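Take a look at the structure below.
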Amino acid sequence: MTPETRPDTGPDAHPADAHPADVRPADVRPTDVRPVDVQPIDIRPIDPSDMPEWARALNTGFLRQPAVSDEETADRLSYVDLGRTLGAFDGGRCVGTFRSFRQEITAVGGAPVVADAISNVAVLPTHRRRGLLSGMMATDLAAAKKRGDTVATLISAEYPIYGRYGFGPATWGTDWSVDIARAALDRRWSGPEGGARVDLVDGTEVLKHGPELYERFRAAQPGAVTRDERWWRVTTGVTKQARNPFVDPFHVLYRSASGEVEGLLTYRVDEHWNDAKQPQNTAVVRDLIALTPSAERALWTYICSVDWITSVTAERRAPDDVLPLLMGDPRSAVPTTQADFLWVRILDVVAALEARTYAVPGSLVLDVADRGGFTGGRFRLDAEEHGARCAPTADSADLTLDVADLATLWLGDESAVRLAALGRVHEERPGAAATADVLFRTSRRPWCPDSF
């Protein structure tokens, strides 16, 4: 997607950079590498003088205009952590890019877990299949493990790439398109009932209420990740970016009868009128978060009731979003894309499993294979009503699985029984996969609303 159709910002990524983390990476095994008569390529953290060349390599890898302005260089230097921004250099030329930053992801039960968030990964097409991604990934994950980060996260553009580094898809996202003419909503709707209200507000009001609202939302949403101050400043236009001209969106706050802010909707409108002077306008939902079902219903009903809006689109919603069921005719809401979204790599099995809660008490012994060497071994998980204990053990394993498959189970979205049917999880004790499902799975699916 282009920056114009993907306007979100992430904790340390921005509308112009809100692309998935990988572009033509050198995802190699030793047998894949062909002999190339070149000088050794140096992988190292960049310094300020490297930024123009690094940004040019990133733009080239993302198939954007490669030229880098002074404004873009200054902007990137204002927020990146140079110590966690890697470049692969062939002589004096940057031919690969990689960046990470500190993030928190919400585990099942609401605990914040420190993550090594990976973004801005690119390898130039002239230097593919030489192990550059593998080298940059190994450097970054080793540093993350040393820091004590529990997991690493990224958004993957291509499915086959990151499993070999121990990542697994942990959340999914769905894009929707709603045909308002078929939605069968009450056209007399004029606002929420019971004293609640929806208000159009400006960016200043969003800055006042949005961060606190989102933190409350994030604490209850497994898979949600942090939005830092810059995220909100870019979203509201306070911080401008030369490489991505700001278009002021519409913002709507939902307030309960007591006046408490319980929901936020941000959208823009693609304006179009047909030859018969009839509106054919599309509202593009950039963000919709709600703390209560009442707030969620009111915000969706509002956006589907605005005059001259004939369709509504929304990207990266939760895969079990209630949106279609809010319509009088659920078939008016059509899923246009459904795919894996947030990928997780567990760096510390004990910390990751102890951070979350479980549906019922129970025990499992997991034999976890980790080719990266960060956190493999055999672990006993004892889940209780209000927490869990996990520790290395010599007990016989109930399940054997790869660390990437454990990552797909960690937030509760995948089924161990399904993975066992695929041969990716092996039952050492009959019924162990079903036990894992009872323990790990959640009543609502995890959701990450943000790209980064």
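The values are calculated or read from the model by the stated rules, or taken from the named source; none is laboratory data. What you see is a predicted model; the values in this text were computed from it and never measured. Every residue, glycine as well, gets a Cβ built from its backbone with ideal geometry; the counts of neighbours run over all protein chains shown. Keep in mind that these areas ignore ligands, DNA and RNA; they rest on the heavy atoms of the full protein, side chains included. Shrake-Rupley method; radii C 1.70, N 1.55, O 1.52, S 1.80 Å.
Note on Arg218: accessible area approximately 20 square angstrom, rounded to 10, probe 1.4 Å, nucleic acids and ligands left out.
Only Cα sites of the range 58-141 enter the Debye sum here, all with the same form factor; the resulting log10 I(q)/I(0) across q = 0.13, 0.19, 0.22 1/Å is -0.50, -0.93, -1.13, listed in q order.
Using alpha carbons only, the radius of gyration of the range 301-452 set against its Kirkwood radius gives Rg/Rh = 1.09.
Taking the accessible area of the chain, probe 1.4 Å, and keeping the other protein chains in place, the carbon and sulfur fraction comes to 51%.
Of the trypsin sites (Lys or Arg not before Pro) found in the range 275-330, the ones in coil according to DSSP and having at most 16 other Cβ atoms within 10 Å of their Cβ are Lys277. Using just its DSSP H runs of length 4 or more, each adding -39500 (n - 2.57), the chain gives a mean residue ellipticity at 222 nm of -7000 deg cm²/dmol after division by all residues. A full extension of the chain between Arg128 and Arg164 corresponds to an added length of 11.3 nm, given 0.36 nm per residue minus the alpha carbon distance.
Tyr159 exposes around 110 Å² of accessible area when a 1.4 Å probe is run over every protein chain in place.
In the assembled protein chains, Val360 presents an accessible area of approximately 50 Å² (probe radius 1.4 Å). Based on the Kirkwood approach, the hydrodynamic radius assigned to the range 172-304 is 16.4 Å, with every pair of different Cα atoms included. Calculated accessible area for the chain comes out at 43 Å² per residue, all protein chains present (probe 1.4 Å; ligands, DNA, RNA ignored). Against the empirical 2.2 N^0.38 Å (N residues), the chain has a Cα radius of gyration ratio of 1.03.
Between Arg64 and Ser190, what FRET efficiency comes out of the Förster formula 1/(1 + (r/R0)^6) with R0 = 35 Å and r the beta carbon distance, rounded to 0.05?
On the way: r = 45 Å, r/R0 = 1.27.
So, using R0 = 35 Å, E works out to roughly 0.20.
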